[in-house]
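Enquirer: I have a structure here, written as C-alpha cells, and I will follow up with some questions on it.
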Amino acid sequence: MVTLTVSRFAPSPTGLLHLGNARTAFFSWLYARHRGGRFVLRIEDTDASRSRPEHVEALLADMAWLGLDFDAGPGKDTPEGPYWQSQRAGIYEQAFNQLQAMGRAYPCYCTALELELARKMQLSRGQAPRYAGTCRDLTLDQRAAREAEGRQGALRFQVPGGRELRYQDLVRGEQVFSSDALGDFIIQRADGSASFLASNAIDDALMGVTDVLRGEDHVANTPRQLLLLEVLEHRLPRYGHLPLLVGDDGAPLAKRHGATSVSELRGLGYRPEAVLNLLFRLGHSAAVEGWATNAGMIEGFRPEHLGRAPARLDMAQLTHWQKEAVKLAHADQLADWVPATVPADDKAAFIAAVRANLTLPADAKAMADMIYEDLPPLTPELEAIVRAAGAATFEAAVLALDSGADWSGLTRSVREATGRKGRDLFQPLRAALTHALEGPEMAPLLALMGPLRARARFEQALTACQ
RNA sequence: GCUCCCAUCGUCUAGAGGCCCAGGACACAGCCCUCUCAAGGCUGGUACGAGGGUUCGAAUCCCUCUGGGAGCGCCA
C-alpha cells in the first residue's frame, strides 16, 4: 500500500517565528508538496506559562504571509485533531495509563534540587549527566510514603538498558545510539501535563505523520521518541534533522544579528517570495537556477540535497532576492509602498519610474520625498558640481521648462546652449533636480515633479552659482 | 566534562578517487552599453582549515589536530 506523505510543522507559541523555524516549516511544507502529500500544523502549547495566544495569531499570520498553507491544523480540523496540544490532555493521559499498566513508566518523586545535585555530581566526575534511576524500583509502599509526604510524582519512561537503537535519518543517514546513554525521561510532569517528548511523538503518530523534518537540536530526542512509540505500538515516522541557522559570525542566530523574525522582515517590507528564495538555498542546494517561483521550488526541492553543516544567514543575499522580487512584483503588490504624498493619479507612473531603484518601502518614501517634498540643502559635493556647470546650464533649463519642454527637450536645449554633453550635461541637472547623484531615470522623474517644482529647483541651483 | 554532527571562494553551494591547477549564485572590482548614475551585458580576483597516511592518482577514503554546531531539563 502506498502511504501518502504527511509532514508537519509543530511550533510552540512562545515567541515570534524566526527565520530558523520558518525554514524548518518551509522545508517540511516543500517536502509534503513535492511528494503530493499533506502538511499539518500543530500548536504545541503544553507549556501554559510560556505559550501566548498572541504568538499563535502572529504565527498563523506569518505562515499565511509566507504562503505555507496547511491541510490540517488550527481552524482546519479533521478527525485526527484537535491541533492544539492544550486540548489533547485526555489523549496523552490514556497513553500514560497504558504505559504504567505495562510497567514501562513509573512515578518519580525526585525534586528539582535533588536532580540538580545529582547532575552536578555526575558532571564533576566527568560523566554525562543523566537520570540515575533513583525512583525506578520504588515499592508500592515507598511510593505511598512519598505521596503521603505530599510529594507530587512525575512520570518517567523506563528506558531499557543495553540496547542499541538505530534509525535512518532523512538527512544525516544512519544514526546509532546506546540506550544506556539515554536515561529514563519524563513523559508527564508532576502537574499532570504531558512533556514535549511524549506529546510530540504521540501526536505525530496519531496524526498520521510519516515524515518529520525538524531542527538538529532534536536528534537526541529521536531514539527516545522511537522507543516510546514502539512500546505504544504506533507506526514510526521517518525523521530528518536540519542543521541550525547561524548568524554572519557563525554563532547561533540571535537578536544582535538584526531582523531575524518573519514579522520583522514583513514589517520592513520584504516580500515573502524573497524570503522563501533565500530560505530555499540555505543548507539546501537547489535544482533551480536564479529566481524560483513557489511551483519551481516545490519541483526543485531535493531532500537528499539538504546539508549537514550549519548554514550562515547572509542578509546581502536576502537583499538580492528582494530586489528580484520587486522587479517581478505586480504593480498591485507594490501599491501600499507608495507614500500618501504621491497624488493618486501619479501612483502608477511613480511605481514605474522608481521600481528599478527600490529594495524596501523606505526607498519608495525617499523617492517620493525627492520628487514631491522640499529637498535637503545641497551638499558641498553637489554644490561643486552645480557651480562647475555654471549659470548658463540652469538658465537654459528654466527657459526650456517655460516653453513646455520635457526631459529630452530640456536636455537638448541645455546641450545646445552650453555645449555640454554626457556626464557633464546630466550630472548637474540631476544634482539640481534631485540633490543626489544617483537615482531613477530622469525623464519620468521630471514628468512626476512637474515644471513648477523643477523650475524652483533650477532657480535654487542658479542661486548657488552666484 | 562526556556524546554526536559538520568543515570547498567573504556568504550560500556543486563536487560521492582521475571529467577539478575545482563549477554556479550573491557580494566585490573592472569593462561595455545608454547623451549621467542606476538597471542591463561581459570579464576578473578570491576557496578544497592544518598535519599525517592510503593510492599510480584525493576536495573526494583513514587518522590526529584546529575550528564551528548540537545534545546531556518536570524547555520545547
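Enquirer: Using a ≥ b ≥ c from the Cα gyration tensor of segment A:39-167 (square roots of the eigenvalues), is it rounded, prolate or oblate, where a/c under 1.5 gives rounded and otherwise the larger of a/b and b/c decides, a/b for prolate?
Expert: It comes out prolate by the Cα gyration axes.
Enquirer: Per chain A: cysteines with no other Cys C-beta under 4.7 angstrom?
Expert: Cysteines lacking a close Cβ partner in chain A: A:Cys110, A:Cys465.
Enquirer: Another one. For segment A:276-376, which trypsin sites (Lys or Arg not before Pro) are in a loop by DSSP, counting at most 16 other Cβ atoms within 10 Å?
Expert: Sparse-neighbourhood loop trypsin sites (Lys or Arg not before Pro): A:Arg281, A:Arg308.
Enquirer: Provide, for q = 0.25 Å⁻¹, the log10 of I(q)/I(0) from a solvent-free Debye sum over equal Cα point scatterers in segment A:238-299.
Expert: The Cα Debye sum returns log10 ratios of -1.16.
Enquirer: Oh, and also: What trypsin sites (Lys or Arg not before Pro) does segment A:82-176 have in DSSP loop regions with at most 11 other beta carbons within 10 Å?
Expert: Answer by residue number: A:Arg125.
Enquirer: Mind giving me the nanometre distance, one decimal, between the label points for A:Ser408 and A:Asp424, set 7 Å out from Cα along Cα→Cβ?
Expert: Each label point is offset 7 Å from its Cα along the Cβ direction, giving 2.4 nm.
Enquirer: Now a separate question. For a bin width of 10 Å, list the pair-distance distribution of chain A built from all Cα-Cα distances, rounded to whole %.
Expert: Calculated over all Cα pairs of chain A, the distribution is 4, 16, 21, 18, 13, 10, 8, 6, 4, 1, 0 percent.
Enquirer: For A:Lys347, which lysines qualify as cross-link partners when the Cα separation must be under 24 Å and same-chain residues fewer than eight apart are set aside?
Expert: Leaving aside lysines fewer than 8 places away in the same chain, those within reach of A:Lys347 are A:Lys323, A:Lys327, A:Lys365.
Enquirer: Given segment A:307-370 reduced to its alpha-carbon atoms as identical point scatterers, what log10 I(q)/I(0) does the Debye formula return at q = 0.11, 0.15, 0.22, 0.23 Å⁻¹?
Expert: -0.31, -0.50, -0.87, -0.93
Enquirer: Right, next: Out of all Cα-Cα pairs in segment A:323-466, roughly what percent, to the nearest whole number, are more than 22 Å apart?
Expert: Summing the P(r) tail past 22 Å for segment A:323-466 gives 38 percent.
Enquirer: Separate question: Which value results for Rg/Rh of segment A:170-237 when Rg is the Cα radius of gyration and Rh the Kirkwood radius based on the inverse mean 1/r?
Expert: Radius of gyration relative to Kirkwood radius: 0.95.
Enquirer: Name the long-range amide H neighbours of A:Ser193: under 5 Å, sequence gap of 5 or more, or other chain; modelled H, no Pro or chain starts.
Expert: It is none; the list stays empty.
Enquirer: State the antiparallel share, in %, of DSSP beta bridges confined to chain A, rounding to the nearest 5.
Expert: Of those bridges, close to 55 percent are antiparallel.
Enquirer: Continuing with this model, one more query. Need one number: convex hull volume per residue for segment A:88-242, Cα atoms only, in Å³.
Expert: Enclosed volume per residue, from the Cα hull, is 124 Å³.
Enquirer: Can I ask one more? Tell me the Kirkwood hydrodynamic radius of segment A:194-352 in angstroms, computed as one over the mean inverse distance between distinct C-alpha pairs.
Expert: Over segment A:194-352, the inverse of the mean reciprocal pair distance is 18.8 Å.
Enquirer: How large is the translational diffusion coefficient of segment A:255-329 in µm² per second when you combine the Kirkwood radius over alpha carbon pairs with Stokes-Einstein at 37 °C and 0.692 mPa s?
Expert: After rounding, the answer is 252 µm²/s.
Enquirer: Taking amide H atoms as placed 1.01 Å from N in the peptide plane, list the residues 5 or more away in sequence, or in a different chain, whose amide H sits under 5 Å from that of A:Arg8.
Expert: Residues meeting the criterion, in which the H sits 1.01 Å from N, are A:Val40, A:Leu213.
Enquirer: If packing is taken as the average count of other Cβ atoms within 10 Å, what order do A:90-102, A:18-30 fall into, highest mean first?
Expert: Those peptides, ordered most packed to least, come out A:18-30, A:90-102.
Enquirer: So who's got an amide H within less than 5 Å of the one on A:His284, skipping anything under 5 residues away but keeping other chains? H placed 1.01 Å off N, in plane.
Expert: For A:His284, the qualifying residues are A:Gly307.
Just so you know, all these numbers are worked out from the coordinates, no wet-lab data involved. Nothing here was measured: the structure is a model prediction, and the numbers come from that model. For neighbour counting, all protein chains shown are included, and Cβ atoms are generated from backbone atoms with ideal geometry for every residue, glycine included.
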